[in-house]
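The values are calculated or read from the model by the stated rules, or taken from the named source; none is laboratory data. Bear in mind the structure is a predicted one, so any value in this text is a computation, not a measurement. Cβ atoms come from the backbone with ideal geometry, glycine included; neighbour counts cover every protein chain shown. Heavy atoms of the whole protein, side chains included, go into the accessibility calculation; ligands, DNA and RNA do not. Shrake-Rupley method; radii C 1.70, N 1.55, O 1.52, S 1.80 Å.
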Amino acid sequence: MTIRFPIVKPVLPDISQYQHYIESTFGRCWLTNNGPLLKELEARLSDYLGVNDIMLVANGTLALQVAYKALELKGNVATSPFSFAATSSSLAWHGDTPYFVDINADSLNVDEQQLEATFSQNDTSLDGFVGVHVFGNAGDVERMGAIAEQYNKPFVYDAAHAFGVKFKGRSLLSYGDASTLSFHATKLFHCVEGGGIVFKEKHHMDLARELINFGFDSTMEPANVGINAKMSEMHAAMGLCLLDKIDDIISHRVELVHLYRELLDGVVSFQHWSSDCSQNGAYMPVLFESEEQLLGSMSYLAKQGVQTRRYFYPSLSQVETYGRRGETPIANSASKRVLCLPMFFDLGKSDVALICEFVKQSISVKA
Ligand SMILES: *Cc1c(COP(=O)(O)O)cnc(C)c1O
């Protein structure tokens with residue numbers, strides 16, 4: 001069966017608008033290394049997101065790695081098992097050992113009580129925390145901030161899903177010592193490939209700006225072991241184009257989420273969204289009663305041309321390469337039962353209505 005509704009479809013700007021930026025770049029022949037388009041995008045994004053300063057990088061995975069390096073996050077790091085592989089692989093790549101703390105069955109984020117208990121039991125061996133605002137939803141970031149302070153450890157949030165989200169009216173990115181974003185083509189806002197980091201402390205930002213350029217300091221000496229994580233002008237140009245449309249993109253997606261939830265009410269269950277948190281419509285995850293029901297539904301939907309994704313499966317705590325440390329029964333169960341439905345800007349309300357009809361039909365089908 002051909003794909004009628006893909007799971008995701010990257011949004012693209014009017015090609016003439018993109019061309020306008022590219023022509024300016026050709027004119028200057030300044031292609032990367034802190035170019036004017038990158039600077040413009042950093043300024044406009046800081047303003048849009050409501051943060052002091054955002055640093056743009058080549059992708060969301062490097063954003064995590066550079067944040068860990070700048071914060072000297074070293075050793076045993078508590079993290080969420082319910083995320084994309086990059087959250088754990090970046091830790092392992094950086095030489096850290098992920099320690100998986102179970103999630104809350106409602107928010108699907110790391111459970112604050114479990115996090116507190118894990119720190120109090122392992123206070124000599126846990127060196128920090130990497131949380132995830134999964135699907136754009138936040139846990140109790142104030143309580144987590146108190147844990148960070150009590151144990152005096154770096155806390156990083158993988159905010160790859162949380163573009164534009166506010167917590168109690170303030171940017172969700174302003175919580176934690178650092179928050180990272182991904183601007184990959186499949187994300188809500190994208191630069192084809194790209195990422196961003198927001199730090200709480202200016203000195204971490206200053207260091208990170210050197211780290212992404214081979215560790216060169218102002219005298220062009222490699223003062224630190226750095227990497228190349230710079231974003232090019234071509235990528236920044238895409239971001240500048242899409243930022244003009246971002247309010248329309250987000251409001252349409254949020255409308256689709258509301259419609260999905262209304263039409264599938266009582267058919268499947270949903271992640272509980274924090275009442276302190278705004279929505280951005282980044283994803284449309286639904287939870288089935290069992291893995292068997294999910295598999296039956298998934299194959300039925302595929303036959304109707306509806307692409308879905310098991311996002312996130314398996315639980316990262318079950319993956320051999322990440323060391324399997326920590327007990328996470330709730331995450332293991334949730335990752336067997338969660339399925340993401342199509343969600344993108346081009347999707348219409350009648351498309352959502354049709355997809356929901358197929359989901360209802362699929363529920364009775366056996367795997
Ligand atoms: C997409 C994603 C990343 C990785 O971002 P890239 O830009 O693809 O490197 C990291 N964490 C989460 C939760 C993501 O969804």
May I ask you to compute the full-extension gain from Ala223 to Thr97, defined as 0.36 nm times their residue separation minus their alpha-carbon distance, rounded to one decimal in nm? 42.7 nm
Pairwise FRET efficiency - His20 versus Ala117, Cβ, R0 = 45 Å, nearest 0.05: 0.25
Taking a ≥ b ≥ c as the square roots of the Cα gyration tensor eigenvalues, with a/c under 1.5 meaning rounded and otherwise prolate when a/b beats b/c or oblate if not, the range 1-84 comes out oblate
Using helices alone, what [θ] at 222 nm do you get for the chain, with -39,500 (n - 2.57) per DSSP H run of 4 or more residues, divided over all residues and rounded to the nearest 500? -12500 deg cm²/dmol
List residues of the range 326-357, by number, whose backbone nitrogen lies under 17 Å from a label position 7 Å along Cα→C-beta of Leu259. 341-357
Cβ charges +1 (Lys, Arg) and -1 (Asp, Glu), total dipole of the chain, debye: 860 debye
Using a 10 angstrom cutoff on alpha carbons, build the Gaussian network for the chain and name the most mobile of Met284, Met220, Met234. Met220
Mean separation of Cα contacts under 8 Å, 6 or more apart, over the residue count of the range 256-367: relative contact order %: 40 percent
For the range 42-96, the charge dipole (Cβ of Lys, Arg +1; Cβ of Asp, Glu -1; about the Cα centre) points to a positive end, and the Cα of Ser88, Leu71, Asn52 closest to that extreme belongs to Ser88
Rounded if a/c under 1.5, otherwise prolate or oblate - the range 58-184, Cα gyration tensor axes: rounded
Whether the chain is rounded, prolate or oblate, judged on the alpha carbon gyration tensor where a/c under 1.5 counts as rounded: oblate
Can you return the lysines within cross-link range of Lys9? Criterion is Cα-Cα under 19 Å, with same-chain partners fewer than 8 residues away left out. Lys187, Lys245, Lys349
Could you give the size of the charge dipole of the range 106-208 about its Cα centre, using +1 on the Cβ of each K and R and -1 on the Cβ of each D and E, expressed in debye and rounded to the nearest 20? 440 debye
Tell me, what is the percent relative contact order of the chain, built from C-alpha pairs under 8 Å that lie six or more residues apart? 24 percent
Between the range 230-271 and the range 302-367, what is the C-alpha centre distance in whole Å? 18 Å
Of Phe5, Val254, Phe345, whose Cα points farthest to the positive end of the dipole of the chain (charges on the beta-carbon: +1 Lys, Arg; -1 Asp, Glu; origin at the Cα centre)? Phe5
Cβ charges +1 (Lys, Arg) and -1 (Asp, Glu), total dipole of the range 184-258, debye: 160 debye
Could you check the spin-label model distance between Asp247 and Glu327? Points 7 Å from the Cα along Cα→Cβ, value in nm. 5.1 nm
Give me the percent of the accessible area of the chain that comes from carbon and sulfur atoms, probe 1.4 Å, all protein chains in place. 51 percent
Once Lys and Arg get +1 and Asp and Glu get -1 on their Cβ, which of His190, Gly239, His204 lies farthest toward the positive end of the dipole of the range 171-250? His190
Given points 7 Å out from each Cα along the Cα-Cβ axis, report the Ser269 to Ala146 separation in nanometres with one decimal. 2.7 nm
Give the percent of DSSP beta bridges with both residues in the chain that are antiparallel, rounded to the nearest 5. 55 percent
